[in-house]
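Down below is the structure, laid out as structure tokens.
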Amino acid sequence: MKEVRNSRPLLVACLIRVPSEVVKQRAQVSPSSSTLRILSHTLYHEGIQGLYRGYKSTVLREIPFSLVQFPLWESLKDLWSWKQGHVVDSWQSAVCGAFAGGFAAAVTTPLDVAKTRIMLAKAGSSNARGNVLAALGGIWRTQGLSGLFAGVVPRMAAISLGGFIFLGTYEKTRQLLL
């Protein structure tokens, strides 16, 4: 029951994140269109469902990402603390967060690639149906391993930076409050 309760914030966050991701990704592949135009075009042609295309695939990416990132972050902090004989400082926690985030990003990249394909798929296409396994299979058949890990380096870099900033800040705030 605890796992279900803990995943609720993630599910709610995705309610906000997914429409903005859909619009952002469509703007990235159509740079001549404004954000407002992409939003109105999506709503007109696909309805509200168009903005939530990829919701399921986003959740299916976020859950394994979190299941890797947070336990790894905690384990790295514990290991570092044990090695030095005292609790890690916030900057050390930030370094652990960067490594944990980068690793989690790398191993969940295929799910991110599938999510992106689903979000950018033409309405009515097979990918637009949102089947993550079918999207992964299609990528594997047409592009192989390199297709599944497309963009892995920039994804790892961005998420490592985010892990450094957010988890380091979290640790510093926690230390100040406790």
Residues of region 37-47 satisfying the condition of being open to solvent by less than 100 Å² (accessible area, probe 1.4 Å) and either out of contact with any helix residue (DSSP H, G or I) (no Cβ under 9 Å at 6 or more places or on another chain) or of a type in the set (A, V, I, L, M, F, W, C) (or both):
38, 39, 40, 43, 47
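Here is a check on your reading of the model: is residue 103 of a type in the set (Phe, Trp, Tyr), touching an Asp or Glu at 6+ places or on another chain (Cβ under 9 Å) and surrounded by 13 or more Cβ atoms within 10 Å (Cβ to Cβ)?
Values: of a type in the set (Phe, Trp, Tyr): yes; touching an Asp or Glu at 6+ places or on another chain (Cβ under 9 Å): no; surrounded by 13 or more Cβ atoms within 10 Å (Cβ to Cβ): yes.
Criteria not met by residue 103.
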Is it the case that region 120-127 has a residue that's out of contact with any Cys (no Cβ under 9 Å at 6 or more places or on another chain), buried (at least 20 other Cβ atoms within 10 Å of the Cβ) and within 30 Å of residue 50 (Cβ to Cβ)?
yes
Residue 31 is checked against (1) assigned to a helix (DSSP H, G or I); (2) farther than 26 Å from residue 98 by Cα and fails just one. What number does that condition carry?
(1)
Go through (1) open to solvent by 40 Å² or more (accessible area, probe 1.4 Å); (2) of a type in the set (Gly, Ala, Ser); (3) at pLDDT below 95 and name the single condition residue 85 misses.
(3)
Going by the structure shown, is residue 11 surrounded by fewer than 19 Cβ atoms within 10 Å (Cβ to Cβ), assigned to a helix (DSSP H, G or I) and within 20 Å of the chain's Cα centre (by Cα)?
yes
Restricting to region 63-89, count the residues that are closer than 16 Å to residue 99 by Cα and basic (Lys, Arg).
1
Breaking point among (1) more than 14 Å from the chain's Cα centre (by Cα); (2) without any contact (Cβ under 8 Å) to a residue 40 or more places away in the chain; (3) open to solvent by less than 50 Å² (accessible area, probe 1.4 Å), for residue 110
(1)
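The values are calculated or read from the model by the stated rules, or taken from the named source; none is laboratory data. Keep in mind that this is a model prediction, so the values were computed, not measured. So basically every Cβ, Gly included, is an ideal-geometry build from the backbone, and we count neighbours across all protein chains shown. The area values use the complete protein model at the heavy-atom level, side chains included, leaving out ligands, DNA and RNA. Shrake-Rupley method; radii C 1.70, N 1.55, O 1.52, S 1.80 Å.
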